[in-house]
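Trainee: Have a look at the structure that comes next, please.
Read-outs: derived from the displayed coordinates by stated rules, not from any lab. Just so you know, these numbers come straight off a predicted model, no measurement behind them. Positions of Cβ are backbone-derived with ideal geometry, glycine not excepted, and every protein chain shown enters the neighbour counts.
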Ligand code: M1P
């Protein structure tokens, strides 16, 4: 039996613009790609956000989707496993205090502590903000490093948690070992002999795809493709000699 390569793609910034739906031109290319290859998707976002960004036929036809950092799995559009995480009370109290005492003077929005399968996403700004407010906060945070300072403080207190800054306004909190990197072992166990090719926009040190990229390299027989946008995915794959 031939051994096929396995393709794993990050979503935000890789298959879609950050937090926005996949463009139609990208979908046309990607449909053809998933028809000819075994494709998995991994994201920090939960399944509802993934559904809102990926066209339903693609959502249903990829080989699998690792949502919420791999803490929730969907196969052919149907739920597979999901992990549980009960965040410590002390953490929740601290998150409330960060929101109350932020130095950000712009408007704040609801849904600032989002419980997802196996993880918590925290955003001082609040996830239910309009897109313009997201950009405003992101620019403010780039100058004022609020998220980095919260991340450092929490990491020093909660040794059993991993706190990572993946997107533009929030941070992801998971029990140690249950970040995106868990997907390396899950795929390697499923496909012991296949080459795993992981494409992401943040595979370099400091990025939220870095731990997964490193875990895959440690497993062996893998390749990391760093991209900076969905257009770059198409360019990089066009310039490879893959028959699809
Ligand atoms: O996929 C990257 C990140 O995307 C979102 O981040 P933000 O809302 O901060 O831009 C979140 O879904 C986050 O969990 C995820 O890691």
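Trainee: Mind sorting 195, 117 by how few other Cβ atoms lie within 10 Å of their own Cβ, fewest first? Kindly include the intermediate steps, with their values, before the conclusion.
Mentor: On the way: 195 14, 117 19.
With the sparsest Cβ surroundings first, the list reads 195, 117.
Trainee: Rounded to two decimals, what ratio of Rg to Rh does the stretch 121-170 give with C-alpha atoms and a Kirkwood Rh? Walk me through the intermediate numbers first.
Mentor: On the way: Rg = 11.5 Å, Rh = 11.5 Å.
Radius of gyration over Kirkwood radius for the stretch 121-170 works out to 1.00.
Trainee: Shifting gears a bit: Given the -39500 (n - 2.57) contribution per DSSP H run of 4+ residues, what per-residue ellipticity at 222 nm results for the chain, rounded to the nearest 500 deg cm²/dmol?
Mentor: Details: 9 runs with 92 residues, N = 244.
My calculation for the chain gives -11000 deg cm²/dmol from helical runs alone.
Trainee: Out of the DSSP beta bridges found with both residues in the stretch 145-244, what percent are antiparallel (nearest 5)? It would help to have the intermediate numbers written out before the result.
Mentor: Values: 4 of 9 bridges.
Close to 45 percent.
Trainee: I'd like the per residue volume of the convex hull spanned by the Cα atoms of the stretch 1-80, given in cubic angstrom.
Mentor: Values: hull volume 7.2 nm³, N = 80.
Hull volume over Cα atoms, normalised by residue count, gives 90 Å³.
Trainee: What is the order of 54, 165, 135, fewest Cβ neighbours within 10 Å to most?
Mentor: Values: 54 22, 165 18, 135 13.
Ordered by Cβ neighbours within 10 Å, fewest first: 135, 165, 54.
Trainee: So what is the orientation-averaged projected area of the stretch 89-227, using the convex hull of its C-alpha atoms, in nm²?
Mentor: Working: hull surface 37.0 nm².
Seen from a random direction, the Cα hull of the stretch 89-227 projects 9.2 nm² on average.
Trainee: When N counts the residues of the stretch 38-78, how does its alpha-carbon radius of gyration compare numerically with 2.2 N^0.38 Å, as a ratio?
Mentor: Values: Rg = 8.7 Å, N = 41, 2.2 N^0.38 = 9.0 Å.
Taking the Cα Rg and dividing by 2.2 N^0.38 Å, one obtains 0.97.
Trainee: Next up: Rounded to the nearest 5, what is the percent of antiparallel bridges among the DSSP beta bridges in the chain? Kindly include the intermediate steps, with their values, before the conclusion.
Mentor: Values: 17 of 35 bridges.
Once the DSSP bridges in the chain are tallied, antiparallel ones form about 50 percent.
Trainee: Over the stretch 162-244, with a single point scatterer placed on each C-alpha, what log10 of the ratio I(q)/I(0) does the Debye formula yield at q = 0.13, 0.16, 0.17, 0.23 1/Å?
Mentor: Each listed q corresponds, in turn, to -0.46, -0.68, -0.76, -1.16.
Trainee: Among 14, 102, 199, rank each residue by its count of other Cβ atoms within 10 Å, from fewest to most, as a rough exposure measure. Intermediate results must be reported in sequence, preceding the final value.
Mentor: Details: 14 27, 102 18, 199 22.
With the sparsest Cβ surroundings first, the list reads 102, 199, 14.
Trainee: Based on alpha-carbon positions alone, could you give the equivalent ellipsoid semi-axes of the chain from the gyration tensor, as √(5λ), descending, whole Å? Could you put the intermediate results ahead of the total?
Mentor: Values: eigenvalues 194, 78, 52 Å².
Semi-axes (√(5λ), whole Å): 31, 20, 16.
Trainee: Let me see the P(r) profile for the stretch 190-229: every Cα-Cα distance counted, bins of 5 Å, each bin given as a percent of all pairs.
Mentor: Computed distribution, short to long bins: 6, 27, 32, 20, 10, 5.
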